[in-house]
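The values are calculated or read from the model by the stated rules, or taken from the named source; none is laboratory data. Small disclaimer: the values here were computed from a predicted structure and weren't measured. Cβ placement follows ideal geometry from the backbone for every residue including glycine, while neighbour counts extend to all protein chains displayed. To get the accessible areas, we keep the full protein, side chains included, count just its heavy atoms, and leave off ligands, DNA and RNA. Shrake-Rupley method; radii C 1.70, N 1.55, O 1.52, S 1.80 Å.
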Amino acid sequence: DCAYFVPSYHNPTGIVMSPEKRLALMKLMERYQIPIIEDGFNEELRYSGSHVSPLIAAAGQGNNVVYIGSFSKVLFPGLRVGWVLADRELIYYLESVKRARSIHTSTLDQSILYQYLYNGNLEKYLKKARAEYKRKYEWTMHCCREHIPYTSLSGDGGLHLFVTFPEGFSTRELLDACRKQGVIFTPGDIFFTDGGGQNTMRIGFSRVSDEDIGRGIRMIGGTAKQMMS
C-alpha cells in the first residue's frame, strides 16, 4: 500500500541516505506507483557536512510523498505537536481521521508553539541545540571508539549511535550485566523483524550528562570485554 522511510538519521542506525540512493529510491517507488511516507523527525540535527534534501524535494510535480515531522524531538519534548506536508486533498481526509480519533491537539499547546515560531525563536534555538548535541555526539562517539570492542559503529547525526558486536555476542546478556551496575541501553534485536540483531545495541545520549556518558560507556565496554574473554 505504501512505503515508510527515515532517510535522515534513521532509527536506530543513525545513517543518512546518500543523494544518489535517494534518487534511485524515488525512481523505484515511481516505477511501481508506491506512495511514500517520509519521516523527518530528526531532520534538523545534522552536525557536519552539507544538508541532504529530503525525498519530497525530488518528487517534482508528483504528489506521492507524504512528509511528516515533529517539534517534540528537537524543541519541546512535552509538547506533542507534529505536522504533515502532503497533497491538499489528502490533508483534507487526514484532518477528518484526526478529528475522529482524538478530536484535536491541545489548542493551548498549538497557540504557544505558533507564537514561538512567529517570533522567529526556532532558528535561534536550533543553532544552540545543534551545537550542544554535536558536542555530546562527538563525545559519545569518542568514548565508544575508546572503550567498546565493536565491529561497526554508525550514526551520522541525530540523538543516538548504533553499535554492532561480533557474531554470537548477546547484547541482551550484556544489558543484564550492565543493569546491575546502573547502566542501561537499548538492545538492537527489538528493531529487527527477522529475529536478528542479537549482537547490536543503540546508545542514546541526548538527556545524559557528559560525565555519565563517559562512565556508562566505559562500564559497557569493560563488561563486554569481560564477557568476550
Any chance Glu173 is surrounded by fewer than 16 Cβ atoms within 10 Å (Cβ to Cβ) and under 20 Å from the mean Cα position of the chain (by Cα): no
Residue in the stretch 116-135 that is nearest to Leu159 (Cα to Cα), counting only those that are open to solvent by 80 Å² or more (accessible area, probe 1.4 Å) and basic (Lys, Arg): Arg135
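When the residues of the stretch 216-229 are filtered to those that are among the polar types (S, T, N, Q) and in a helix (DSSP H, G or I), which remaining residue is surrounded by the most Cβ atoms within 10 Å (Cβ to Cβ)?
Going residue by residue through the stretch 216-229, those that are among the polar types (S, T, N, Q) are 223, 226, 229.
The next check asks that each one be in a helix (DSSP H, G or I); those that pass are 223, 226.
Details: Thr223: 19, Gln226: 10.
Ranking the qualifying residues of the stretch 216-229, first place goes to Thr223.
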Search result, residues across the stretch 69-85 that are open to solvent by 30 Å² or more (accessible area, probe 1.4 Å) and part of a loop (DSSP other than H, G, I, E, B): Phe71, Lys73, Phe76, Pro77, Gly78, Arg80
Candidate set from the stretch 31-68 (those that are aromatic (Phe, Trp, Tyr) and modelled with pLDDT of 80 or more); member that is most open to solvent (accessible area, probe 1.4 Å): Tyr32
Residue under evaluation Leu126, criteria (1) under 21 Å from Pro12 (Cβ atoms); (2) within 20 Å of the chain's Cα centre (by Cα); (3) not small (Gly, Ala, Ser), criterion not met: (1)
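Conditions tested, residue by residue: (1) within 21 Å of the chain's Cα centre (by Cα); (2) surrounded by 15 or more Cβ atoms within 10 Å (Cβ to Cβ); (3) within 14 Å of Thr13 (Cα to Cα); (4) among the polar types (S, T, N, Q).
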| site | (1), (2), (3), (4) |
| --- | --- |
| Leu153 | yes, yes, yes, no |
| Pro166 | no, no, no, no |
| Phe169 | no, yes, no, no |
| Lys180 | no, no, no, no |
| Pro187 | yes, yes, yes, no |
| Ile190 | yes, no, yes, no |
| Gly204 | yes, yes, yes, no |
| Asp210 | yes, no, no, no |
| Gly214 | no, yes, no, no |
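Within the stretch 1-30, how many residues are of a type in the set (Lys, Arg), exposed (fewer than 15 other Cβ atoms within 10 Å of the Cβ) and under 13 Å from Val65 (Cα atoms)?
Quick first cut of the stretch 1-30, residues of a type in the set (Lys, Arg) only: 21-22, 27.
This time we only want the ones that are exposed (fewer than 15 other Cβ atoms within 10 Å of the Cβ), so: 21, 27.
In the following step, the residues that additionally are under 13 Å from Val65 (Cα atoms) were identified as 27.
The number of residues fulfilling the criteria is 1.
Condition first: in contact with a helix residue (DSSP H, G or I) (Cβ under 9 Å, 6 or more places away or on another chain), under 20 Å from Thr223 (Cβ atoms) and assigned to a helix (DSSP H, G or I). Can you find one or more residues in the stretch 145-166 that meet it?
To start, the set of residues in the stretch 145-166 that are in contact with a helix residue (DSSP H, G or I) (Cβ under 9 Å, 6 or more places away or on another chain) comprises 146-150, 153, 155, 157-166.
The next check asks that each one be under 20 Å from Thr223 (Cβ atoms); those that pass are 146-150, 153, 160-166.
Applying the additional criterion that residues be assigned to a helix (DSSP H, G or I) yields 146-147.
Yes, some residue in the stretch 145-166 is in contact with a helix residue (DSSP H, G or I) (Cβ under 9 Å, 6 or more places away or on another chain), under 20 Å from Thr223 (Cβ atoms) and assigned to a helix (DSSP H, G or I).
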Single residue of the stretch 1-53 satisfying the filter (among the acidic types (Asp, Glu) and in a strand (DSSP E or B)) that is nearest to Asp189 (Cα to Cα): Asp39
Members of the stretch 139-175 found to be over 19 Å from Gln198 (Cα atoms) and at pLDDT 95 or above, listed by number: Trp139, Thr140, Met141, His142, Cys143, Arg145, Glu146, His147
Any chance Ile56 is of a type outside the set (Asp, Glu), closer than 26 Å to Glu89 by Cα, assigned to a loop (DSSP other than H, G, I, E, B) and touching a residue at least 24 places away in the same chain (Cβ under 8 Å): no
